[in-house]
Amino acid sequence: MEETYKDRTSLMKGAKDIAKEVKRQAVKKVNKAVEKAQDGYTQRSYNRFQDEEDDDDYYVQGGNYGAEANDDEGSSEATEGHDEDDEIYEGEYQGVPSMGGKDGMVALGQPMRDEYKDRHELETERKADEEELAQQYELIIQECGHGRFQWALFFVLGMALMADGVEVFVVGFVLPSAETDMCIPNSGSGWLGSIVYLGMMVGAFFWGGLADKVGRRQSLLICMSVNGFFAFLSSFVQGYGFFLFCRLFSGFGIGGAVPTVFSYFSEVLAREKRGEHLSWLCMFWMIGGIYASAMAWAIIPHYGWSFSMGSAYQFHSWRVFVIVCALPCVSSVVALTFMPESPRFLLEVGKHDEAWMILKQIHDTNMRARGQPEKVFTVNRIKTPKQIDELIEIESDTGTWYRRWKICSMNLRKQHYIWLTFMRCFNYPVKDNTIKLTAVWFTLSFGYYGLSVWFPDVIKHLQSDEYASRVKHFRNEEVSHFVFNFTLENQIHSNGEYINDRFIMMKFKSVTFEDSLFKNCVFEDITSLNTYFRNCTFVNTTFYNTDLEQYKFVDSELINCTFFHIRTGCQISFDDDYSAYWIYFVNFLGTLAVLPGNIVSALLMDRIGRLTMLGGSMVLSGISCFFLWFGTSESMMIGMLCLYNGLTISAWNSLDVITVELYPTDRRATGFGFLNALCKAAAVLGNLIFGSLVGITKAIPILLASTVLVCGGLVGLRLPDTRTQVLM
């Protein structure tokens, strides 16, 4: 009896041991199966990316990403209807699928929850998710194809980039007329050009950072609206201070165009299309310069296109030009309202459903344009990176009032998000790239803007010297009882006597009277420009409807003189001034000269590589810039300027492409905005240095620009090649 009991006890103990071992082995097998299912998508995506011929490894069962193949051929859950009660058709969106992998291990392995992980572990997981998303997103964009949607977005973003090009050129064209119209002294004229670049510098940094926080489309809509509003308003204001204020905020708004546009467009392009089509997009900046030059050439010299309301309000042709230059900005704002947000940005911030809907819109739009409307979007699951701040957001909505108040206080202290994102541009692994890009952007901007933006002043200076060399001198004139009713231009009259003379409906342009006597004379309907009476005497003289104000009588004596209906303010009235036409025409040629460079860079960007084009273009630009030193005539200087612009544009295009490809999505617009802000700072510095030397010597600024361009090109060759990389 006792032996039977012992045998039974041993048998039960053995059965329990066998059951424990079976259970342990089963758990081990299940865990292995879960881990295999978790890593299945990553391995298949990598294989597909390395070998595109093996499509079946990635698109299993109708393109259900990350799903295991079903043994039953007729029961795919991602494609055709599989159940009589719950029928799902091919390509139909099924919402956010339940996540496999680690989430499915809760019942088996009980992994650590996110709230118990430190930030380093969460960032490591997010980095792994981002790498997986980069590979998958590239394949999704390839499936969506390149077609009607990309071309529509191309023209919409092109209008915004065109507005940026217009803003750069409009200041140089408006400055001479605005100086005269608003009576701006020479000491204050330089503020107009500098204030616009200051606004663009701050705007590039701010709007670029905002685009990484609220989205590319939203940031671009706001910044372009700000630019359009203040650009339009600036055409109506009369005071110089208010005009500076409007142009400052106009520049602040347009400053966000370049970093946001390139970040936005690059995120809807496949790898093999990105370099070429971003280069084509750069052409709109050239179109903006051509548009501004053509409009200035056609509008500003026509001073008859103006009206006035008394002497207080005057609306001249240059103000019409400012309004016309705001049209590309207004057009881009209207068109942007019909475009969606960047799906890559939405995935980066965890908005899976919105991103999926936009990607499906891109796919369907392109397929319909190809005549394949029946082709369905097979993606139903996209990897989204772990949102590190997600728990804080949930607690702020569902926690107690004390926790909500505490978390809101923490979030208020985190409003410097833009600055924090900017500082991450100097963290590993993008720190070295940021430093090298900083050097390249600064040198290229300093050389380009230093020579190009202020080049109208160089032409103006050369023309002024030639104009001054043709001045006519008249000495010891004695004229009496004579009626002057014609234009006097570029003359100096010294020691003359004018008795009982009438000056009627005359135009004085660059005329100076020195040590002269005017007795019993009449000045009626007189318009003057750069005309002065120095140390002259006026006796019993009448002035009626003239613009001869007190400041034009320098050290002169007026005895028993009367003034009627004096026109105050600065008058613009030199209809025969062809120098304005010449300046606009020169800028038109210089801008048009970049067209061949744009075409060449677009066609060769993906063939010879970004680095070869960047370094080669900057070195060649530096060499061509150096030869400007030997220019002996105005026409030769203009020809060399056109060559310089044509070579430089390839460097700009390749630098834009490299910049968007070297930064990850969460700081792409911020990094681009910082570099673009640095570009404007270099432009201001170049304008100040080159502008101060334009009337003294041309050797120093040209030699300086040549040196910095060559050095910047050599630094650019040290950047990593991004031609074969997916968008990080």
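The values are calculated or read from the model by the stated rules, or taken from the named source; none is laboratory data. Just so you know, these numbers come straight off a predicted model, no measurement behind them. Ideal geometry is used to build each Cβ from the backbone, glycine not excepted, and the neighbour counts take in all protein chains shown. Just the protein is used for accessible areas: all its heavy atoms, side chains included, with ligands, DNA and RNA removed. Shrake-Rupley method; radii C 1.70, N 1.55, O 1.52, S 1.80 Å.
Miscellaneous remarks
- GLY616 meets the conditions (1) among the small types (Gly, Ala, Ser); (2) surrounded by 20 or more Cβ atoms within 10 Å (Cβ to Cβ); (3) over 18 Å from the mean Cα position of the chain (by Cα); (4) closer than 21 Å to THR434 by Cα in every case but one. The failed one is (2).
- Within the stretch 632-667, the set of residues being of a type outside the set (A, V, I, L, M) and free of Cβ contacts under 8 Å to residues at least 24 places away in the same chain comprises THR632, SER633, SER635, GLY639.
- Test: residue in the stretch 299-313 that is at pLDDT below 90 and under 30 Å from SER342 (Cβ atoms): no
- Among the candidates TYR581, TYR544, residue that is at pLDDT 80 or above, out of contact with any Gly (no Cβ under 9 Å at 6 or more places or on another chain), open to solvent by 40 Å² or more (accessible area, probe 1.4 Å) and not in a loop (DSSP other than H, G, I, E, B): TYR544
- Residue selected from the stretch 589-613 under the condition surrounded by fewer than 19 Cβ atoms within 10 Å (Cβ to Cβ) and closer than 23 Å to ALA294 by Cβ, by the criterion modelled with the lowest pLDDT: LEU589
- Screening LEU693, LEU717 for residues that are open to solvent by 10 Å² or more (accessible area, probe 1.4 Å) and more than 24 Å from VAL586 (Cβ to Cβ) leaves exactly one candidate, LEU717.
- Within the stretch 493-529, if we keep just the residues that are open to solvent by 40 Å² or more (accessible area, probe 1.4 Å) and in contact with a Lys or Arg (Cβ under 7 Å, 6 or more places away or on another chain), the residue that is nearest to ASP547 (Cα to Cα) turns out to be GLU514.
- Leading residue by the ranking (modelled with the lowest pLDDT) among those in the stretch 211-255 that are open to solvent by less than 50 Å² (accessible area, probe 1.4 Å) and outside any helix (DSSP H, G or I): GLY239
- Each residue in the stretch 512-535 was checked for being farther than 18 Å from PHE482 by Cα, modelled with pLDDT of 90 or more and touching an Asp or Glu at 6+ places or on another chain (Cβ under 7 Å), and 2 pass.
- Applying the criterion of being of a type in the set (Phe, Trp, Tyr) and in a helix (DSSP H, G or I) to the residues of the stretch 314-350, the residue that is modelled with the highest pLDDT is PHE345.
- Every residue from the stretch 619-633 that is more than 24 Å from the chain's Cα centre (by Cα) and either at pLDDT 85 or above or under 24 Å from PHE442 (Cα atoms) (or both): VAL619, LEU620, GLY622, ILE623, SER624, CYS625, PHE626, PHE627, LEU628, TRP629
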